[in-house]
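Structure, as structure tokens:
The values are calculated or read from the model by the stated rules, or taken from the named source; none is laboratory data. For clarity, every value in this text was computed on a predicted model and none was experimentally measured. Here the Cβ positions follow ideal geometry from the backbone for every residue, glycine too, while neighbour counts run over all protein chains shown. The accessibility values were calculated without ligands, DNA or RNA, using every heavy atom of the protein model including side chains. Shrake-Rupley method; radii C 1.70, N 1.55, O 1.52, S 1.80 Å.
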Amino acid sequence: MSGRTHRCVTLAGSVVGAVLVALDGTVLTVAQPALQDDLGASLAQVQWTSTGYLIAVASLLVFAGRLGDRYGHTRLFGYGMLGFAASSAGVGFAPDIRWVIALRMVQGVCGALLQPATLGMLRAAYPAESLGMPIALRTSAIGLAAATGPLVGGVLTAHLGWRSVFFLGVLPAAAIAVLVLLVRDRAPSPEPRTAGLDPVGALLLAVALGCLVAALAALPGAGWSAGTVLLAAGAGTALAAFVVHERRAKDPLLSPALLASPAVATALGILLTASAALFGTLFTATYFLQDVLGLDPLGTALRMLPAALCMVLAAPLTPVLLRRCGTRATTAGGTLLLAAGVFGFGRLDTSASQLAISASAFAMGTGFGTVLVGATECLVRRADLGAAGVAGGLQQTAMNVGPTLGVATATTLLASGTDFVASMGVTLTALAVPLLVAGAVAIRLPGRTARRGSARARTETP
């Protein structure tokens, strides 16, 4: 099999896998009311169809990346996609809400297996200096899925019922899994995978992330109740134990070489901050457009459509900026543009025009698409081949925890005021300020000269 064929199949697998996972979450949101009515479920039970999935996927992403580094990203991706397809079909046939929740958690485990592999496969298949465009295409596809997901979910639910949204991705997932497993690169890996799996570290990190996500998910509804505080304390305790363990472990879950790079920590922080700001703003925007301006759900989606479209268009243009301006300037510029969009939306009031709303959405979508490609490319390219899965797991963890953190922050701040418009201004300012800090911290990312030097040093191709 030629290297070109292998790379094409790898890129197709990475894109399709990322799209199916993104599409699954967006179509479910639209289908949840119908699911609740059909199964006679409570609101709390319906919320657990999302929360249970999120806890399962976020807690296992880094360990799944380590498994990919050890046993092969293609294998993990294929098995994860097959499991994702099977659990999706299972949800479609589920007889009651308890089965739906349980199978959604299984789906989360399978999603954790495949998501880091979508980046790990790219790192293994493409030279480091050529990663920008594959990552950009993957990002554009995710943006397209986010934009079309609610529409697809609404049409399917209205005409075929809520179960149809879970059958939507079964055949594509199974097909791409089989294709990727069959068209595998049989060449030996240039780096031996001899490091241990560090199950103790994986367990501690899973507990920390699981408790953190559960606390953030519970915060909007329960506030700082005893249960929320207990979950937050559990997350902090497990994280502290994880840090102590990693310092003593012979083969730590997180490679010291990976964490020693200032660019890696900076890229992760920027991804976390950017995703929190964007999704916190989108959450706030939904209530502003519907409750303050009186728009219906379709009108709301159309007003915010420029954000998704600009993300789709900005992603493939970002590799050009990375080559010409370097990671530092490109990512910092995208972060500041996103901050401008978030801050600008926070200045809107009852007299907001379509132009003002679209301008803020344009800035947010363009900025986020640029940041996502720039920071992800930096993170993955600076990881050795033997740690590409862990790097992908860290990136996916930031992209799962960030939105939950942003929505929890927005909910808490919005609930603290009596006037929504005034509270929205405070909330979005609070989300924009960390972006300004992230834009300044981006100075730790490599510049154009560093990128060229890194490209010459990292010319290994599997």
Test: residue 331 is in contact with a Pro (Cβ under 6 Å, 6 or more places away or on another chain), in contact (Cβ under 8 Å) with a residue 60 or more places away in the chain and among the β-branched types (Val, Ile, Thr): no
The stretch 95-120, residues that are without any contact (Cβ under 8 Å) to a residue 24 or more places away in the chain and not in a helix (DSSP H, G or I): 95
Test result for residue 399, over 23 Å from the mean Cα position of the chain (by Cα) and either open to solvent by 50 Å² or more (accessible area, probe 1.4 Å) or modelled with pLDDT of 90 or more (or both): no
Residue that is touching a helix residue (DSSP H, G or I) at 6+ places or on another chain (Cβ under 9 Å) and either open to solvent by less than 10 Å² (accessible area, probe 1.4 Å) or among the basic types (Lys, Arg) (or both), where the choices are 46, 30: 46
Residue count for the stretch 1-22, restricted to those that are among the hydrophobic types (A, V, I, L, M, F, W, C) and open to solvent by less than 30 Å² (accessible area, probe 1.4 Å): 5
Residue within the stretch 302-323 that is open to solvent by 10 Å² or more (accessible area, probe 1.4 Å), within 17 Å of residue 441 (Cβ to Cβ) and not aromatic (Phe, Trp, Tyr) present: no
Index of the failed condition, residue 219 passing every other in (1) open to solvent by less than 40 Å² (accessible area, probe 1.4 Å); (2) in contact (Cβ under 8 Å) with a residue 40 or more places away in the chain; (3) under 19 Å from residue 397 (Cα atoms); (4) of a type outside the set (Asp, Glu): (3)
Residues that are open to solvent by less than 30 Å² (accessible area, probe 1.4 Å) and either without any contact (Cβ under 8 Å) to a residue 60 or more places away in the chain or within 17 Å of the chain's Cα centre (by Cα) (or both), drawn from the stretch 148-174: 149
Which numbered condition residue 143 fails, given (1) open to solvent by 40 Å² or more (accessible area, probe 1.4 Å); (2) within 25 Å of residue 311 (Cα to Cα): (1)
Any hit, the stretch 51-70, residues being of a type in the set (S, T, N, Q), part of a helix (DSSP H, G or I) and within 18 Å of the chain's Cα centre (by Cα): yes
Test: residue in the stretch 177-185 that is open to solvent by less than 40 Å² (accessible area, probe 1.4 Å), in contact with a helix residue (DSSP H, G or I) (Cβ under 7 Å, 6 or more places away or on another chain) and outside any helix (DSSP H, G or I): yes
Given (1) surrounded by fewer than 22 Cβ atoms within 10 Å (Cβ to Cβ); (2) of a type outside the set (A, V, I, L, M); (3) in contact with a helix residue (DSSP H, G or I) (Cβ under 8 Å, 6 or more places away or on another chain), number of the condition residue 115 does not satisfy: (1)
Residue in the stretch 416-432 that is of a type outside the set (Val, Ile, Thr), modelled with pLDDT of 90 or more, open to solvent by 80 Å² or more (accessible area, probe 1.4 Å) and closer than 20 Å to residue 372 by Cβ present: no
Failed criterion for residue 335 (all others in (1) open to solvent by 60 Å² or more (accessible area, probe 1.4 Å); (2) modelled with pLDDT of 90 or more hold): (1)
Unique residue being under 20 Å from residue 381 (Cα atoms), touching a helix residue (DSSP H, G or I) at 6+ places or on another chain (Cβ under 6 Å) and of a type in the set (A, V, I, L, M, F, W, C) when the list is 133, 105: 133
